[in-house]
Amino acid sequence: MIRLKFSITLDYQVLSPNCDFVFNFHPALNNRQNVREESLTIAQEVLSQTLVDTEEGTRYLRVQAYPGALSLSYQGIVDINHHYENPEALREMRVAELPMDVLPFIYPSRYCQSDSFAALANYEFGTMAPGYRRVLAIRDWVTHRTRFVSGSSGSATSALDTLIDHKGVCRDFAHLMIAMCRALNMPARFVSGIDYGADPALGPTDFHAYVEVMLSGRWYLFDPSGVTNPTGLLRLGTGRDAADVAFANVFGNVSAQPPRITIDALSDAEKGITLPTFTHQAVSSTDQQVCTGGLIQK
């Protein structure tokens, strides 16, 4: 089991008379990620409401703010009980086998125009044996052809842009890998989170984006940016791409300071709590009901 202790502080100056926010910075709740402790302080008298996506465990905080300074400070301790699997035992699933709630993750989306990647994906990976190794090959292809350059992309940057520019930040790496996987009919989705173990040379800790691909009925973790290993990833939100799980959606006029984030890993050998480490096994941090049947024929 992995135990991560972290904090997130967000600072805004609200400039319009009425301003609404929808935040996604709480750790998601699922059967493999458990919140042991958490607290939230909001430095303004606001109206707020917490909403939970019962399907994925993603939590949202809706806030009605007023002109002036607005600061939100979250602290939490989260336990992650990963599932490990032999990569050679995993297979790609046919569309006819996929659960209904997985189907949106094989279609093109705003930042992942997978319909434009079909020829490229088949040229690069179409002759490879389907399975976990093919997903790893896609991940490595994205990692090796794309440079991590802070500030090199913006909110409009898509997988096609990253393909052309050969540079980006973690969300751009994730979008490119997702688009390539979906072009080969693999369900792939975007996860927002925080990572432990990144090289300090990359700068202060920030929100992180990574990828999940469904194999043999379960979502497995991949980080095409190469920033950290999958066991050091903490899940906040899950969606088709970054448009679904921004850490803050703002409806009004504000100025914002960069997020202030800290994260540390705790260990306790007697309780089986270990530090995040690299593994050659496939890693999953959520459970998904396995679909064992195919199409119903009449």
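Points worth noting:
- Value of D in µm² per second that Stokes-Einstein yields for the chain, Kirkwood Rh from Cα pairs, at 25 °C (0.890 mPa s): 123
- Counting neighbouring Cβ atoms within 10 Å and putting the fewest first, the residues S71, S39 line up as S39, S71.
- A helix-only calculation puts the chain at -4500 deg cm²/dmol for mean residue ellipticity at 222 nm, using -39500 (n - 2.57) for each DSSP H run of at least four residues, averaged over all residues.
- Radius of gyration and maximum dimension Dmax of the stretch 2-80, Cα, Å: 13.8, 44
- Residues V142, V52 arranged by fewest to most Cβ contacts within 10 Å: V52, V142
- The length gained by stretching the chain between N34 and A269 to full extension, at 0.36 nm per residue less their Cα-Cα distance, is 82.7 nm.
- Shape of the stretch 156-298, Cα gyration tensor, a/c cut at 1.5: oblate
- Divide the volume of the convex hull around the Cα atoms of the stretch 136-180 by the residue count and you get 59 Å³ per residue.
- Cα→Cβ-extended label distance, 7 Å offset, between T50 and S152, nm: 3.9
- Each Lys and Arg Cβ is given +1 and each Asp and Glu Cβ -1; about its Cα centre, the chain then shows a dipole of about 440 debye.
A short reminder: the numbers here are calculations on the coordinates, not readings from a lab. Given the structure is predicted, the values throughout are model-derived calculations rather than measurements. Cβ atoms come from the backbone with ideal geometry, glycine included; neighbour counts cover every protein chain shown.
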